[in-house]
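The values are calculated or read from the model by the stated rules, or taken from the named source; none is laboratory data. All values reported here derive from a predicted model rather than from experimental measurement. Neighbour counts run over all protein chains shown; Cβ positions are idealised from the backbone, glycine included.
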Amino acid sequence: FGGCNTFSAVAYPLRDQHIAVGPLAITKKGCDKALMNSERTFLVALRTSVKWETTGPQLIIKSQNGELKFERSL
């Protein structure tokens, strides 16, 4: 879930902590313009990611434009 729409993609781990994210399949729900812009930025960063690492409970996905940080919550 990207904040407005549901999405799916295939991610392939590669050598040396690199990652390839396949094409995204995204629903086309319309939301608030600011939320849509935030979601678009998130999905572009995810699609253009190049490296990943884990630090404790965090998964960090790195792209040319910054990092996405995900924290495990159970």
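Provide a single number: the residues in the stretch 16-62 that are among the small types (Gly, Ala, Ser) and touching a Phe, Trp or Tyr at 6+ places or on another chain (Cβ under 8 Å). Residues that pass the stated criteria total 3. Scanning the stretch 18-44 for residues that are surrounded by 13 or more Cβ atoms within 10 Å (Cβ to Cβ) and touching a Lys or Arg at 6+ places or on another chain (Cβ under 9 Å) yields His18, Ile19, Val21, Leu24. What is the number of the single condition among (1) surrounded by 13 or more Cβ atoms within 10 Å (Cβ to Cβ); (2) out of contact with any Gly (no Cβ under 6 Å at 6 or more places or on another chain) that Ala9 does not meet? Just one mismatch for Ala9, condition (2).
Pairs are defined by a Cβ separation below 9 Å, a sequence spacing of at least 6 or placement on different chains, a first member in the stretch 15-37 that is within 21 Å of Ser49 (Cβ to Cβ) and touching a residue at least 40 places away in the same chain (Cβ under 8 Å), and a second member that is assigned to a strand (DSSP E or B) and not hydrophobic (A, V, I, L, M, F, W, C); the pairs so defined are Ile19/Tyr12; Ile19/Pro13; Ile19/Lys51; Ile19/Lys62.
Checked against (1) modelled with pLDDT of 80 or more; (2) loosely packed, with under 13 Cβ neighbours inside 10 Å; (3) out of contact with any strand residue (DSSP E or B) (no Cβ under 6 Å at 6 or more places or on another chain), Asn65 meets all criteria but (1). The criterion of at least 1 residues that are among the charged types (D, E, K, R) is met, among strands (runs of 3 or more DSSP E) falling completely within the chain, by 51-55, 58-63, 66-71.
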